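First the structure, in the form of structure tokens, and then the observations on it.
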Amino acid sequence: ALERERVRISRDLHDNLGADLSQLALWSELAARDANRPEETAERVRNVSSLAREVIQNVDEIVWTVNPRNDSLNSFAAYVCEFSERVVTSAGLRFRWEAPDDIPAVPLPSDVRHHLFLVTKEALNNVVKHAGATEARVHLSIEAGMFLVAISDNGHGFQEAAPATNGGNGLTNMRARIADCGGQLTIHSHNGSGTTIRLSVPLPSLGKE
């Protein structure tokens, strides 16, 4: 388990930080070369500033993920609420959050927490970039020993067969992550009527009650 965790952390550092830091270095060098062209320099600096903020956010996510103090359901809910609101509102969309007032502090294994967060993050990024929505909603609930997360939007939707021809494996990877947690991911979407992605994973400590 420790070895798997080390591999995961190293992969996150490489995927989330390595490429971004290389891009920052490149843009900084180009900005220096364009010093005598103010418009190009200003554009480079804006790009560097934007990417630097993304790097800071990625570091925050990695630190939150690996900190064992956050291995609980209520900690996950608090972090996802803050993260979701920031992503959605910074894109100019309305944000709605729905969750129980008393989410229990039951254990949530780090790998499950990690998979849930990345799938939620991917779903929100899809809303912001592709849905053509004006509003996004994140809904958390606990039912019969299961933890459920629903990410909805009021965008243009899609035919579920369409993403497979759209060049990406995003939905396949999202389903695989939730399956690794022993859970399920379902999608409800139709052209012109928005999309809802529902994640459900078992909570053994609740299921035994």
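The values are calculated or read from the model by the stated rules, or taken from the named source; none is laboratory data. All of these numbers come straight from a predicted model, not from anything done at the bench. Because the Cβ atoms are built from the backbone with ideal geometry, glycine has one as well, and the counts that use them run over all protein chains shown. For accessibility, only protein heavy atoms count, side chains too; no ligands or nucleic acids. Shrake-Rupley method; radii C 1.70, N 1.55, O 1.52, S 1.80 Å.
Tabulated data
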| read-out | value |
| --- | --- |
| Three-way shape label, segment 60-190, alpha-carbon gyration tensor, a/c 1.5 | prolate |
| Under 13 Å from the S90 label point (7 Å along Cα→beta-carbon), backbone N, segment 58-76 | 58-61 |
| Mean Cβ count within 10 Å, highest first, over the residues of peptides 103-112, 184-193 | 103-112, 184-193 |
| Rounded accessible area of S22 (nearest 10 Å², 1.4 Å probe) | 80 Å² |
| Packing-based order for 132-138, 87-93, using average beta carbon neighbours within 10 Å, highest first | 132-138, 87-93 |
| Label-point gap, in nm, between R46 and I187 - each point 7 angstrom along Cα→Cβ | 3.3 nm |
| Where labels lie 7 Å past Cα in the beta-carbon direction, separation of D101 and L21 in nm | 4.6 nm |
